[in-house]
Each structure stands twice: as structure tokens, then as C-alpha cells.
Amino acid sequence: MNIILLGAPGAGKGTQASKISDAYKLPHISTGDIFRENIKNQTPIGVLAKSFIDKGQLVPDEVTCKIVEDRIEREDCKNGYMLDGFPRTIAQAEALDKIAKIDLVINIDVDHSLLLDRLCGRRVCKNCGESYHISRLGDKTDCARCGGELYQRKDDNPETVQSRLDVYNAQTSPLIDYYAKKGILFNVVGNTTPEDVFEEVSKKLDAMNK
Ligand code: AP5
Ligand code: MG
Ligand code: ZN
């Protein structure tokens, strides 16, 4: 099954993707994670991506589409995959239509008043990319999955979050309609706990897998 996770910054795409990937053995493809990996390794794509990500803007479609195209051609995607953070524009969705058949688009719908706190309180594992929130970390300073060190993303500050939200509203939110019209959209309320959101998503995936 080929799945897209849609949602505003901080909606919980990465959090759900990690749970879905574990439970349903689907590779988790996050364009944001791929860009951050390139930034860390100072590749040409990383240098380019950084100039957009630091301002909360989108990396150009051609660059992003090429990365996804190359990634989903790999062997581990043969039996399905899950896209997190892609597509993010109508042009990206149209490019994806040409190279893939998407079975389900999970739209995590979260009250936007919750997003600033979620993002500014997020800590991410340097090693595996797992997301945490300081309100749930207690005195832990490392990743529960792999023991890696946690850090704060550079784009998780109030000013950059605001531009990410503006970009989401202008360029990404039209995708909800785009996929609703294709009849493959599944809306899930993301205001509840990560565990409750995952339960709703699982019910849907289990029903589809039957
Ligand atoms: P990306 O890394 O994809 O960032 P994003 O879309 O802004 O989304 P986030 O990763 O911030 O949020 P999330 O929904 O994954 O939330 P999470 O699960 O971590 O992209 C970064 C940048 O890369 C973009 O701005 C752009 O520049 C570039 N880029 C990426 N893809 C691109 C593309 N296709 N085209 C062009 N440019 C692209 O959760 C957030 C926090 O909330 C965590 O602290 C978590 O613990 C907490 N939380 C999660 N779920 C819940 C819950 N149910 N209840 C309470 N807390 C929760
Ligand atoms: Mg994410
Ligand atoms: Zn980790």
C-alpha cells in the first residue's frame, strides 16, 4: 500500500509515520528528514535546501520531486511506502500522479492553536529522527527508540513556525481538496494523544488490508 501523510507543521505526521512504519512494515519517507540529512552532510542539495528551510519556505518542486522519484524506485518500496511531508504543492501532487499510484491519503487535522507549542517544545533524535515533546520527556535526554541524542530543530522557533504555517495554508492545504476529489482522503482528528490518533489510523488501515 502507498500512503501519504498530510497535515500542517506539527500535526504529528512524523509521530504517526513512525508508529505506522513499525506496525505495518512500510518504509517511512520524509522529505524533511532527507533534507536535514543532506544539510548535516553538507551536500549540494543540503546547501540549497538549508537556504529555504531556515526561512520556513519550500524547497523548489523540481529538486524535491527528483529526490522522491529516486527514493520510491528503490527495492524496499516495492511492496509499498509512506510519504511524510510530500507532496506539499499541487505541482508536486501532479508530478507524483505520473510516477505512483497512491492508495490512501491520511490527513491529520489539528487545531492550529496547538501547533506553536508542539513545535517549539519538540525535541528530535539526531540518530533516528524520532520526535518527542518536552511535556512528555520528563528528565530523559536521549531517544527511547535508539538512545540517540535529542536536539531542537533550527526551524522550530516562533518566527519560522509562523512562516511555515503561512506556507502550509497557501500552498499545501489545497491538497486536502485535491485528494478528496480523488476519493482517497481519510481525515483523522489529531488533537488527541498520539496513541489515540494511531488507533484511528490503524482501524482504517486494517479495514483496507482485509
Ligand atoms: P518537515 O520536516 O516535513 O516539517 P513540517 O511539515 O513542518 O512538519 P513537522 O516535521 O514540523 O511536523 P510533524 O507533522 O512531523 O509533527 P511531529 O510528529 O514531529 O519539513 C521541514 C522543511 O523542509 C519544510 O519547511 C520545507 O522547507 C522543507 N520541505 C520538506 N518537504 C518538502 C516538500 N515536499 N517540498 C518542499 N519543501 C519541503 O510532532 C510535532 C510535535 O508534536 C512533537 O513534539 C510531538 O511529540 C508532538 N505531537 C505529535 N503528535 C501529538 C499528539 N497527538 N498530541 C500531542 N503532541 C503531539
Ligand atoms: Mg515531521
Ligand atoms: Zn532515536
Margin query: Just to check your reading of the model, which residue among Gly129, Gly56 is on the phi > 0 side of the Ramachandran plot, at pLDDT below 95, assigned to a loop (DSSP other than H, G, I, E, B) and buried (at least 18 other Cβ atoms within 10 Å of the Cβ)?
Written below: Gly129
Next item on the list: Filter segment 99-134 for residues that are touching an Asp or Glu at 6+ places or on another chain (Cβ under 6 Å), of a type in the set (Lys, Arg) and within 11 Å of ligand 1 (Cβ to nearest atom) and give the result.
Entry: Arg122
Margin query: Report every pair of residues separated by at least 6 positions or lying on different chains whose Cβ atoms are under 7 Å apart, first residue within segment 191-210 and touching a residue at least 12 places away in the same chain (Cβ under 8 Å), second within 16 Å of ligand 3 (Cβ to nearest atom).
Written below: Pro194/Thr15; Phe198/Lys19
Note to self: Considering only segment 72-83, I want to know if a residue exists there that is in contact with a helix residue (DSSP H, G or I) (Cβ under 6 Å, 6 or more places away or on another chain), in contact (Cβ under 8 Å) with a residue 40 or more places away in the chain and outside any strand (DSSP E or B).
What the structure shows: no
Check: (1) hydrophobic (A, V, I, L, M, F, W, C); (2) open to solvent by 40 Å² or more (accessible area, probe 1.4 Å); (3) assigned to a helix (DSSP H, G or I): which one isn't true of Val68, the others all being true?
Finding: (2)
Check: What residue, among those in segment 171-210 that are open to solvent by 40 Å² or more (accessible area, probe 1.4 Å) and aliphatic (A, V, I, L, M), is modelled with the lowest pLDDT?
Finding: Met208
Next item on the list: Name the residue, out of Ala17, Ala23, Ala11, Ala49, that is modelled with pLDDT of 95 or more and in contact with a Phe, Trp or Tyr (Cβ under 7 Å, 6 or more places away or on another chain).
Entry: Ala49
Check: Given the conditions (1) part of a helix (DSSP H, G or I); (2) open to solvent by 60 Å² or more (accessible area, probe 1.4 Å); (3) under 22 Å from Thr15 (Cβ atoms), and given that Glu62 satisfies all but one, which numbered condition is not satisfied?
Finding: (3)
Next item on the list: For Asn107, state whether it is within 18 Å of the chain's Cα centre (by Cα) and without any contact (Cβ under 8 Å) to a residue 24 or more places away in the chain.
Entry: no
Next item on the list: Show the residue pairs that are 6+ apart or on different chains and have beta-carbon atoms under 6 Å apart, the first residue being within segment 130-148 and more than 22 Å from Ile20 (Cβ to Cβ), the second being within 15 Å of ligand 1 (Cβ to nearest atom) and of a type outside the set (Lys, Arg).
Entry: Ile134/Gly121
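Residue under question is Ile108, and the condition is that it be closer than 26 Å to Pro194 by Cα, β-branched (Val, Ile, Thr) and either within 16 Å of ligand 3 (Cβ to nearest atom) or open to solvent by 40 Å² or more (accessible area, probe 1.4 Å) (or both); does it hold?
Working: closer than 26 Å to Pro194 by Cα: yes; β-branched (Val, Ile, Thr): yes; either within 16 Å of ligand 3 (Cβ to nearest atom) or open to solvent by 40 Å² or more (accessible area, probe 1.4 Å) (or both): no.
So Ile108 fails the test.
For Leu150, are the conditions met, namely being surrounded by 14 or more Cβ atoms within 10 Å (Cβ to Cβ) and away from ligand 3 (no atom under 16 Å from the Cβ)? If you could, list the steps in order and put the result at the bottom.
Numbers: surrounded by 14 or more Cβ atoms within 10 Å (Cβ to Cβ): yes; away from ligand 3 (no atom under 16 Å from the Cβ): no.
Here the answer is no, as Leu150 does not meet what is asked.
Considering only residues that are open to solvent by 20 Å² or more (accessible area, probe 1.4 Å) and within 17 Å of the chain's Cα centre (by Cα), look in segment 80-98 and name the one that is farthest from ligand 1 (Cβ to nearest atom).
Residue satisfying both the conditions and the ranking: Ile90.
The values are calculated or read from the model by the stated rules, or taken from the named source; none is laboratory data. Just so it is clear, the structure is predicted and the values come from calculations on it, not from any experiment. All Cβ positions, even for glycine, are placed from backbone atoms using ideal geometry, and neighbour counts span all protein chains on display. The area values use the complete protein model at the heavy-atom level, side chains included, leaving out ligands, DNA and RNA. Shrake-Rupley method; radii C 1.70, N 1.55, O 1.52, S 1.80 Å.
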